[in-house]
Each structure stands twice: as structure tokens, then as C-alpha cells.
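The values are calculated or read from the model by the stated rules, or taken from the named source; none is laboratory data. Since this is a predicted model, take the numbers as computed values, not measurements. Heads up, the Cβs are rebuilt from the backbone with ideal geometry, glycines too, and the neighbour counts pull from every protein chain shown.
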Amino acid sequence: MKSNARLLTFFVIAFLLASGCEKDESSSPYIFTDENIASFDVASETMLRQIPVQYINAARNNLHVAYQHTSHGTHVSYGLYGLQDYKTGDDVLFGITNNDPQPDKLDFRDYAMASYAETGVDAADLSRVESAFIQATRNYLDDPDNAEINVVMWSWCSIRGHDVAGTYLPGMQALIGEYGPGGSKIGTGEGKKENAVTFIFMTGHAETNNNVGDLKPKNQADTIIGYCKAKGYFCLDYYGIDTHSMDGRYWEDAGDDGNSAAYGGNFYIDFQNDNQLGTHYYENKSSPGGSATYGAHNSQHITANRKAYAMWYILARIAGWDGK
């Protein structure tokens, strides 16, 4: 089924602007995205339910995901763990395991790569030792125990001040050149990996009243998204999801919890309070079948819900869906 969710998002935003609704006046770079960028415009249950089931099934059965992060990265993992307990049938459709591969469930390996860092180097996330992810990923993918892995994603803590253009993007490109489709380390024989890897890029979370400027979250997101659009790479856009309320309006001063002075409060808490648990949103979980919890640094479930929707959107795209 072809999705018109992006078109609907455009018309909603256009209507709000035309009707003079209050919003932050800074220009949002996110109204028009392409099918490889999972930002606010696809981070919704409406979009999730429009993904053809065969691509969700293909992703769940064929993808093996290695994910490395610290606290902010839990927005994705806790959202994924809770989604399978949301509505009837979701336990099968979005079934997932954590470091425990099982048939007909998404093989998700959380906190996968930090232990593969070079001795004495901190590779807990992209924000520690900036270049550490490169060798840690190589060591992880070169280990025969991880031969099935075909998706890799690393998360930022704070992206502010980091060398995205000089370290992150070239580092990811080097890994793609080695382990991506047609990569120099893909093939059969000694030292080769048979399964090519899709690398998912990520932007950094929003920071309250501190998003705009050189090496700050919005500018870094612009750099990463521009690179991914030019190269055709997948990106999970934390920044875009953090700074857009559910009606698609952009709040440039927002933090990573939906809090915005320009909005006048917390747009995600307001959405949660105005809607019904189990019908319009779900509880995130600390592990598959675990206890209910918010994503780290959050006081509501919506942020992690949306990032889980965005992640499944990307996984379906990797599995062959055209995103339309």
C-alpha cells in the first residue's frame, strides 16, 4: 500500500502556517525529506501501520542488528522493546529479542560493540573517543561469532562540539567501503565476511536553548542529513523528532524531552495527557517483556515511541520497501 503520510504532513504544516498558528519562527529544514531519512514526518503510528506487512516480516526475519549507545540511545531500544506489547498482533509483528536470537523475532543486539574497542579506548558511544567506533566496529564484524550481523547503528550522547564532518562521516564511509555491499571485506575466504552490512547514520538529540550554531545539534544534523541525502544512506534523525511536536510544528529551542519555552510547556507530555495509553501511545520497556520505563532523560513515553517507529521504518526500507 502506497503511503501518503509525507504528503499529509506537508499539508498539515502548510495549513498551520496559513492559518497563523503560533510557532517558532526559525526555518525548519525538515519539511521535505527523502525516503532514507527517518525524521518526524515518518515517526508516527500512522506511518508504521501503513508499512506493508511483508516488509515488516522480512525485516524481522532477515535482519540482524548491532546497536551501540549510552543513555540517550535507549530511546530507540526501549521503544522497540515496548512496541511488541502495544496492540493485538504486535507481539508477532514487532517481536524482538535482546542478545538472544530466536526464530521469527528481530535479532537485536543491544550494547553490542563497546567491548570490541581497542585496549584502553572508550567506545561506549559516538561521543566518547570520537574515532573509537571505527576500529570497534571492524573488530566486531571480523569476529566469526557476529557473522550474521547485517545492520549496524551507533548513537550519540551529546553531539555538540564533535567533529562530525572530519571524523564521523569519513569513519562511517570507511566502514561502508569495507563492509557495505561490494565492500573490500565482503566475500568468501579468509578474512572476508559473507553478509554485507547496512550502516544507519544518526543525528544527535536536541539540547534546550542550545541547538543552533557551529557544531551544535541543528547544524550537525544539517551536515549529517545532507551527507546521507547525497549518498543515499539511511539516517535516524533524533534531532528532527526531538524538535517537532505531533502536529509537525518545529520548536528550535526544544530539548530532548519535548520541552520548549516557545511552545509554552512540553508538547510530548501534553500529547500523552490528551491521549489514551494502549490506543494512541504505549509504555516503553527496559527489555523485551521487561518493566515499563521512559527513555533516558525523558519524562514521557512519546519520544521513545516515535524513535521506535522511525527505526522500524528504516528496517522496512532496508528489507526492500520503497518508503512510499
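Hey, does the range 234-245 have a residue that's of a type outside the set (S, T, N, Q), in contact (Cβ under 8 Å) with a residue 12 or more places away in the chain and farther than 21 Å from residue 44 by Cβ?
no
How about the range 138-171: which of its residues are of a type outside the set (Phe, Trp, Tyr), assigned to a helix (DSSP H, G or I) and either over 19 Å from residue 231 (Cβ atoms) or without any contact (Cβ under 8 Å) to a residue 40 or more places away in the chain (or both)?
Residues satisfying the conditions are 138, 139, 141, 142, 144, 145, 146, 166, 167, 170.
Could you give every pair whose Cβ atoms fall below 9 Å, whose first residue belongs to the range 276-289 and is under 26 Å from residue 110 (Cα atoms), and whose second residue is part of a strand (DSSP E or B) and small (Gly, Ala, Ser), counting only separations of at least 6 or pairs across chains?
Taking only residues 6 or more apart or on different chains, the pairs are 283/292; 284/292; 285/292; 286/292.
On the basis of being more than 28 Å from residue 61 (Cα to Cα), in contact with a Pro (Cβ under 6 Å, 6 or more places away or on another chain) and at pLDDT 95 or above, does residue 171 make the cut? Before you say what the answer is, go through the steps one by one.
Working: more than 28 Å from residue 61 (Cα to Cα): yes; in contact with a Pro (Cβ under 6 Å, 6 or more places away or on another chain): no; at pLDDT 95 or above: yes.
Considered against the rule, which asks whether it is more than 28 Å from residue 61 (Cα to Cα), in contact with a Pro (Cβ under 6 Å, 6 or more places away or on another chain) and at pLDDT 95 or above, residue 171 comes out as no.
Quick check on my filter: what residues within the range 142-171 are among the hydrophobic types (A, V, I, L, M, F, W, C) and either more than 21 Å from the chain's Cα centre (by Cα) or within 13 Å of residue 203 (Cα to Cα) (or both)? Even if it seems obvious, please write down each step before you answer.
Initial filter on the range 142-171 (among the hydrophobic types (A, V, I, L, M, F, W, C)): 147, 149, 151-154, 156-157, 159, 164-165, 169.
If the condition is that a residue be among the hydrophobic types (A, V, I, L, M, F, W, C) and either more than 21 Å from the chain's Cα centre (by Cα) or within 13 Å of residue 203 (Cα to Cα) (or both), then 147, 153, 154, 156, 157, 159, 164, 165, 169 are the ones that fit.
With respect to residue 191, is the statement that it is at pLDDT 95 or above and either part of a helix (DSSP H, G or I) or not charged (D, E, K, R) (or both) true?
Criteria not met by residue 191.
For the list (1) buried (at least 16 other Cβ atoms within 10 Å of the Cβ); (2) at pLDDT 95 or above; (3) under 25 Å from residue 94 (Cα atoms), I need the number of the one condition that residue 323 fails.
Every listed condition holds for residue 323 apart from (2).
Quick one: which of 171, 189 is over 23 Å from residue 115 (Cβ atoms) and among the small types (Gly, Ala, Ser)?
Working: 171 fails: over 23 Å from residue 115 (Cβ atoms).
Exactly one residue qualifies, and that residue is 189.
Of the residues 67, 86, which single one is modelled with pLDDT of 95 or more, under 17 Å from residue 293 (Cα atoms) and of a type in the set (Phe, Trp, Tyr)?
Result of the check over 67, 86: 86.
So if I check each of 86, 116, which one is surrounded by fewer than 22 Cβ atoms within 10 Å (Cβ to Cβ), in contact with a Ser or Thr (Cβ under 8 Å, 6 or more places away or on another chain) and among the aromatic types (Phe, Trp, Tyr)?
The match here is 116.
Which one is nearest to residue 150 (Cα to Cα), of the residues in the range 68-98 that are part of a loop (DSSP other than H, G, I, E, B) and free of Cβ contacts under 8 Å to residues at least 12 places away in the same chain?
Selected residue: 89.
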